[in-house]
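Colleague: My structure is below; once you've seen it, I'll send some questions.
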Protein chains: 4
Amino acid sequence: MNSFGEKLRFSTFGESHGVAIGCLLDGVPAGLKIDEEFIQAELDRRKPGKSEFETARKEDDKVEILSGVFEGKSTGTPIAMVIYNTNQKSRDYSNIKDIFRPGHADFTYFYKYGIRDYRGGGRSSARETAARVAAGAVAKIMLRELGVEVLSGICEVDGIKAEKFDYEAAKESIIFALDAGKEEEQKDAILKAKNEHDSVGGVSRVLIKGAPKGLGEPLYYKLDAVLADAMMGINAVKAVEIGDGVLSASLKGSKNNDEIRSSGFVTNHSGGILGGISNGDEIVMNVYFKPTPSIFKEQKTVTTANEEVDFALKGRHDPCVAIRGTVVCEAMAALVIADMLLLNMGSQMDRVAKYYK
Amino acid sequence: MNSFGEKLRFSTFGESHGVAIGCLLDGVPAGLKIDEEFIQAELDRRKPGKSEFETARKEDDKVEILSGVFEGKSTGTPIAMVIYNTNQKSRDYSNIKDIFRPGHADFTYFYKYGIRDYRGGGRSSARETAARVAAGAVAKIMLRELGVEVLSGICEVDGIKAEKFDYEAAKESIIFALDAGKEEEQKDAILKAKNEHDSVGGVSRVLIKGAPKGLGEPLYYKLDAVLADAMMGINAVKAVEIGDGVLSASLKGSKNNDEIRSSGFVTNHSGGILGGISNGDEIVMNVYFKPTPSIFKEQKTVTTANEEVDFALKGRHDPCVAIRGTVVCEAMAALVIADMLLLNMGSQMDRVAKYYK
Amino acid sequence: MNSFGEKLRFSTFGESHGVAIGCLLDGVPAGLKIDEEFIQAELDRRKPGKSEFETARKEDDKVEILSGVFEGKSTGTPIAMVIYNTNQKSRDYSNIKDIFRPGHADFTYFYKYGIRDYRGGGRSSARETAARVAAGAVAKIMLRELGVEVLSGICEVDGIKAEKFDYEAAKESIIFALDAGKEEEQKDAILKAKNEHDSVGGVSRVLIKGAPKGLGEPLYYKLDAVLADAMMGINAVKAVEIGDGVLSASLKGSKNNDEIRSSGFVTNHSGGILGGISNGDEIVMNVYFKPTPSIFKEQKTVTTANEEVDFALKGRHDPCVAIRGTVVCEAMAALVIADMLLLNMGSQMDRVAKYYK
Amino acid sequence: MNSFGEKLRFSTFGESHGVAIGCLLDGVPAGLKIDEEFIQAELDRRKPGKSEFETARKEDDKVEILSGVFEGKSTGTPIAMVIYNTNQKSRDYSNIKDIFRPGHADFTYFYKYGIRDYRGGGRSSARETAARVAAGAVAKIMLRELGVEVLSGICEVDGIKAEKFDYEAAKESIIFALDAGKEEEQKDAILKAKNEHDSVGGVSRVLIKGAPKGLGEPLYYKLDAVLADAMMGINAVKAVEIGDGVLSASLKGSKNNDEIRSSGFVTNHSGGILGGISNGDEIVMNVYFKPTPSIFKEQKTVTTANEEVDFALKGRHDPCVAIRGTVVCEAMAALVIADMLLLNMGSQMDRVAKYYK
């Protein structure tokens, strides 16, 4: 259950403070030029320690490709990538060894598995998402060949909402802010919380451009459902909406329907997906991240022996997990779209026949 | 891609106006007493034509079990259930044969598959959800044996929000309203929209009681991610939130974390899931339905030949698809939880050893 | 676990003496002309009661398509087919209710599931294979469009081996004999065993013509491995060999290797598969069926309470299950090849790019 | 398609002459004591260069565990293991770069993927099977806790058949010979072929002791079918038989049926599997390996441009691939049985209820 995807399938492994994390990416078509610099650049976008808005843990996140690439191109065999943990031995974990940190998976892992790797959250740490970003980077390379682009940015921090969605601005922003006019206010909120030993939530907005009509496999591998799965599965995500999402539920049908002209859809309330299948319009979704559960304020909790204790966390943590999380949203979205592109190839008999002629 | 679940896996088939719809449910443990009356009662909760708040299409939705049950008990073999369509031949579809209804899957099915069954939406019709409810009813029977209960109700219609969540009240309400004090206002909104040839959106709230700690398979079959997948895949759903969901993103960590005492969690902002695994608390989610796209107002659209036309739909349609949709949410949630209960059985070696001793 | 295939996936349901058996076939490309007469003709080839070489149970095996076909063509949605059991109520099963028939799955079903449908073997009956033949017929229709043909025949009965493999002769033979010169001897062996209240084993040989190079997904969905899975899963099959199979193990490399010329392979010891991938040559395999375990001689067995009894079976049974089994081999082979054809479509990036251009 | 198993799922990666090979093993129950020395010992049994009966390629095959194990125990998270290739850069491959070696997967990989890693067969090399052995060793550790043992040995080399099956003798034999009385003759045959620049085939016999009744998920994840899949997918395997296998097809039912007494089955023609489910008896199968296709005699073949050439291979190769192959058979069998043990846990409702009480 550590895999995702059907035709393009990736699996990840590794713990926050283990030897290494990594991924296996299976199903990449052969002959794709693998741009290793791009993969590293994507990892660099996500890597920690780049600014005061992120955890102070420093990791180089240097990726090494172990298989599946020959003379610069994919061979159709699984691409294994590994990132060795280099900064994981600096601490003593005895203070959290027997304690469940509130808001964390400590409690649930302990009761599910009976034992847990308590060092930095082990497998449940967001550190694992670096492996997703590596896999997602390969998916992005594949999408680029097919004219599809996945973009994202932060549209809300601590309740401060973007009023415009400028994906180019997000690329330049250290917090990936979509609205440069709100960026300073958002940064201030993050630092203020950080100084108060607290954390803030945020929202990532993802945009997929150039996806052809027809992606998504009804009824139980719909594009929107699989995107929801992919996004909700990212650490700290608590809600996902496609297109107008939550807002749709309070609209009238006459307002929410997207009328159609010969040149395309007049509006895009649907977020580019109808009946679980892409309609050729831009695919849009919002991904809601809760505030980082790792805070330095004292909190009430219990031990593994169910004894009540008061507890204040130490260590290095992101004050707003949504920031680096948006890079993970992009990676997961790219993986989903690439998978759907491959799955869709068998949907019409005459196109199958043409393929084999 | 018409299947869902891993260890308890169901597949559905059928079109709105075809011969029949139905499902296959594979993985039900042997020896479960199958209460056919309960299955039928669940279908009756969802079936159309019960009130003015629903479509006028009348379907008995009588379910027939074809296999997998012997002398009243499951045998461990697949349970096939079929519901014959009885009221599907009453209309002439020539007026929509070549037209894409705005907000519907007509457009995307046509471009994905090249051909489509235009009668009532074919496979993309919400009629298929009756098959999910039949499968979900079996899952509910299984959950009952394990002390788990799935409840739901409508917490918002046309922007009118419930202020309390009374699942017993919902059982008595023809629109499954969770807040009896808001029910009349919500009903009025539905009828007003209906009279104006329009439709309204709504929100279903789902509550799962009695789920043990430990359900959910990290990292890519997490409980929240799979619930999001299951809910987003229901017709007309555009957003899903777990626990405080959207609201979490604007909270501070110190507010959003659920502190823990020896007797359990003090609050339940998380909605009963941490790190993708159930924590033993109540599991709560909200499912947002867009307004029914089938409205009788004139709309702009195009034909399959991409010619622009103005179009007003005829026929029988739910003015608020969320109402009957909430029954489908329950069914899907029950199927997910039952699947997770079975999957979880191999998580600890000493319990596996004990099982085989 | 009642499903097979990845991209073309079928599931079956039903018990020997239940209401009905049937299948769901998911992943058939849209726009395929569905020839219902051909499907019925395939079922007629397998149906019981056609001659003295088969069980006397009469079943019409009339197939009804419930979904997935519209105006004679597949729509890309699941094709559900059902065959109602019409001749299942004629007997009293009290004599075998508590007894494990030697060589049958009675024993193992009972211990696995705790309960079992004892009527005619329930789910473990070869009657279920009719559903495979229906699904396989659709796969054959698809293969025909792509120039692939699946043939088979009986190459051995009771140790009497065919010396030539004439698939046209097999079509005309009531026992599907590949060698007309051995047919009478084989028939005599069947009738002799039948008269002695015994049964005989046999071997089916399957030939796949026209399969393109490149089918099979290494390393764990290889064409030969999946064919072995498909064949070994058929009732009563105990061995599967690809190409020279068993014989290969006693050959030298210089003898067993197939040399290559510009016009193709000089020999076909490999049976058309190298490294788990089709090489463009004919795919050949042999499938070994044990003798029907249902015999009328007295045998030693035990009851469900583990009491020893002597037991002589009554009823109607095939004296040589391989005969009708060969039709099932063809169906399974067709389903595997069709699945592999769809899976292979994403194997090269330039072909994926061309598809979406 | 580089994964195997349902509940215990492993994936492998890597090429013969790439950076590394390795595996991911997902689904190991938490709390299993991971004996790293045992894993290495299993790899040592398969590693090349131990004797004149094997390839002269020297590889240490040192395994490193990257994740999933904490303080010596499995944590329930994926166990990643990597084996770096250390002896892969010694040769110039220009002589085989554009040539298809007869009997190898060169031809099929080239046509499937358009490109191929020609160094030592790349992904299709049997070197990948070291990763299976590592995964299989963990499965064996798990099986040991449950009282199940997987054994194997060589029962035939170059047509010279064992007359007894002594698994203890096989442990002591450098060629894993089951019959010490035939061992010298078998060794001589291998060396003779080697000296003549040729190779020989062989047969591995696998025995599984202690498997409980009830393993196997009918009808499409039957124990025998999955074992056949697992074995046929091993490099160079061309046939698989369960129990009496091929011989069964020439027996009468009265001879082939295993009668039952209160103490168990009187005979074991079935090889411990009835209806795809284990019956509690010993599980037995034979796995037929073709002779190594890598021979040093001159053979006729073509280039990637389809030009005819005569070709004599150079390099280091096993004269009998079955020898080291038998260790791989054991590993795959262990993985299948462990998977089936976990899958079976949800088969009876009362046992599920007991688990959660």
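The values are calculated or read from the model by the stated rules, or taken from the named source; none is laboratory data. Small disclaimer: the values here were computed from a predicted structure and weren't measured. Glycine gets a Cβ as well: all are built from the backbone with ideal geometry, and neighbour counts include every protein chain shown.
Colleague: Mind listing whichever residues of segment D:114-139 are in a helix (DSSP H, G or I) and polar (S, T, N, Q)?
Modeller: Selection gives D:SER124, D:THR129.
Colleague: Quick check on my filter: what residues within segment D:1-15 are more than 14 Å from the chain's Cα centre (by Cα) and facing another protein chain (nearest Cβ under 7 Å)?
Modeller: D:MET1, D:ASN2, D:SER3, D:LYS7, D:SER11, D:PHE13, D:GLY14, D:GLU15
Colleague: Tell me which of these A:VAL309 doesn't satisfy, since it passes every other one: (1) under 17 Å from A:ILE234 (Cα atoms); (2) at pLDDT 95 or above; (3) more than 9 Å from chain B (Cβ to nearest Cβ).
Modeller: Failed condition: (1).
Colleague: How many of the residues making up segment D:274-305 are more than 8 Å from chain C (Cβ to nearest Cβ) and surrounded by 24 or more Cβ atoms within 10 Å (Cβ to Cβ)?
Modeller: Adding up the residues that qualify gives 4.
Colleague: Here is a follow-up. Please determine whether any residue of segment B:245-255 is part of a strand (DSSP E or B), touching a Ser or Thr at 6+ places or on another chain (Cβ under 8 Å) and surrounded by fewer than 24 Cβ atoms within 10 Å (Cβ to Cβ).
Modeller: Yes; the residues of segment B:245-255 include at least one that is part of a strand (DSSP E or B), touching a Ser or Thr at 6+ places or on another chain (Cβ under 8 Å) and surrounded by fewer than 24 Cβ atoms within 10 Å (Cβ to Cβ).
Colleague: Something else now. Condition first: of a type in the set (Gly, Ala, Ser), at pLDDT 95 or above and over 23 Å from the mean Cα position of the chain (by Cα). Now tell me which residues in segment C:76-91 satisfy that.
Modeller: Across segment C:76-91, the qualifying residue is only C:GLY76.
Colleague: With A:PHE38, A:PHE53 as the choices, which residue is among the hydrophobic types (A, V, I, L, M, F, W, C), out of contact with any Pro (no Cβ under 6 Å at 6 or more places or on another chain) and under 30 Å from A:ASN195 (Cβ atoms)? I'd like the intermediate steps shown before the answer.
Modeller: On the way: A:PHE38 fails: under 30 Å from A:ASN195 (Cβ atoms).
None of the other options fit; the residue is A:PHE53.
Colleague: Filter segment C:20-33 for residues that are surrounded by fewer than 22 Cβ atoms within 10 Å (Cβ to Cβ) and on the phi < 0 side of the Ramachandran plot; which is nearest to the other protein chains (Cβ to nearest Cβ)?
Modeller: Filtering segment C:20-33 down to residues surrounded by fewer than 22 Cβ atoms within 10 Å (Cβ to Cβ) leaves C:20, C:31, C:33.
In the following step, the residues that additionally are on the phi < 0 side of the Ramachandran plot were identified as C:20, C:33.
Numbers: C:ALA20: 5, C:LYS33: 9 Å.
Ranking the qualifying residues of segment C:20-33, first place goes to C:ALA20.
Colleague: Among (1) without any contact (Cβ under 8 Å) to a residue 40 or more places away in the chain; (2) within 24 Å of A:ILE21 (Cβ to Cβ), there is one condition D:ASN87 misses while meeting the rest; what is its number?
Modeller: (2)
Colleague: Right, here's the next one. Those residues that are out of contact with any Lys or Arg (no Cβ under 6 Å at 6 or more places or on another chain) and either of a type in the set (Lys, Arg) or in a helix (DSSP H, G or I) (or both), I need them from segment D:312-327; list them, please.
Modeller: D:LYS314, D:VAL321, D:ALA322, D:ILE323, D:GLY325, D:THR326 - these are the residues of segment D:312-327 that are out of contact with any Lys or Arg (no Cβ under 6 Å at 6 or more places or on another chain) and either of a type in the set (Lys, Arg) or in a helix (DSSP H, G or I) (or both).
Colleague: Follow-up question, since we're still on this one. Using the structure shown, decide if A:HIS197 is facing another protein chain (nearest Cβ under 9 Å), in contact (Cβ under 8 Å) with a residue 12 or more places away in the chain and farther than 30 Å from B:GLY14 by Cβ.
Modeller: For A:HIS197, the condition - facing another protein chain (nearest Cβ under 9 Å), in contact (Cβ under 8 Å) with a residue 12 or more places away in the chain and farther than 30 Å from B:GLY14 by Cβ - is met.
Colleague: Report, by residue number, each residue of segment C:280-311 that is under 28 Å from the mean Cα position of the chain (by Cα) and part of a strand (DSSP E or B).
Modeller: C:ILE283, C:VAL284, C:MET285, C:ASN286, C:VAL287, C:TYR288, C:PHE289
Colleague: While we're here: Given the structure, is D:GLY103 touching a Gly at 6+ places or on another chain (Cβ under 8 Å), under 30 Å from C:GLN348 (Cα atoms) and surrounded by fewer than 20 Cβ atoms within 10 Å (Cβ to Cβ)?
Modeller: Values: touching a Gly at 6+ places or on another chain (Cβ under 8 Å): yes; under 30 Å from C:GLN348 (Cα atoms): yes; surrounded by fewer than 20 Cβ atoms within 10 Å (Cβ to Cβ): no.
Answer is no for this residue.
Table: residues versus (1) of a type outside the set (Asp, Glu); (2) closer than 30 Å to C:THR304 by Cα; (3) modelled with pLDDT under 95; (4) more than 23 Å from the chain's Cα centre (by Cα).
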site	(1), (2), (3), (4)
C:GLU64	no, no, no, no
C:LYS73	yes, no, no, yes
C:TYR93	yes, yes, yes, yes
C:TYR109	yes, yes, no, no
C:ARG119	yes, yes, yes, no
C:THR129	yes, yes, no, no
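Colleague: Please work out if D:ALA239 is within 17 Å of D:LYS161 (Cβ to Cβ), within 7 Å of chain C (Cβ to nearest Cβ), in contact with a helix residue (DSSP H, G or I) (Cβ under 9 Å, 6 or more places away or on another chain) and of a type outside the set (Val, Ile, Thr).
Modeller: yes
Colleague: In segment B:327-357, what count of residues is obtained for those that are at the interface with another protein chain (Cβ under 7 Å from one of its Cβ atoms) and in contact with a strand residue (DSSP E or B) (Cβ under 7 Å, 6 or more places away or on another chain)?
Modeller: Adding up the residues that qualify gives 3.
Colleague: Same structure, new question: Only one residue in D:GLU15, D:GLU71, D:GLU42 is more than 27 Å from D:VAL226 (Cβ to Cβ) and of a type in the set (Asp, Glu), so which one is that?
Modeller: After applying the criteria, what remains is D:GLU71.
Colleague: In addition: Name the helices (runs of 4 or more DSSP H) wholly inside segment D:140-238 in which the number of residues that are surrounded by fewer than 24 Cβ atoms within 10 Å (Cβ to Cβ) and of a type outside the set (Val, Ile, Thr) is 2 or more.
Modeller: By residue number, D:167-172, D:180-195.
Colleague: Would you mind stating whether A:GLU42 is of a type in the set (D, E, K, R), away from chain B (no Cβ under 14 Å), out of contact with any Leu (no Cβ under 9 Å at 6 or more places or on another chain) and surrounded by 20 or more Cβ atoms within 10 Å (Cβ to Cβ)?
Modeller: On the way: of a type in the set (D, E, K, R): yes; away from chain B (no Cβ under 14 Å): yes; out of contact with any Leu (no Cβ under 9 Å at 6 or more places or on another chain): yes; surrounded by 20 or more Cβ atoms within 10 Å (Cβ to Cβ): yes.
In short, yes.
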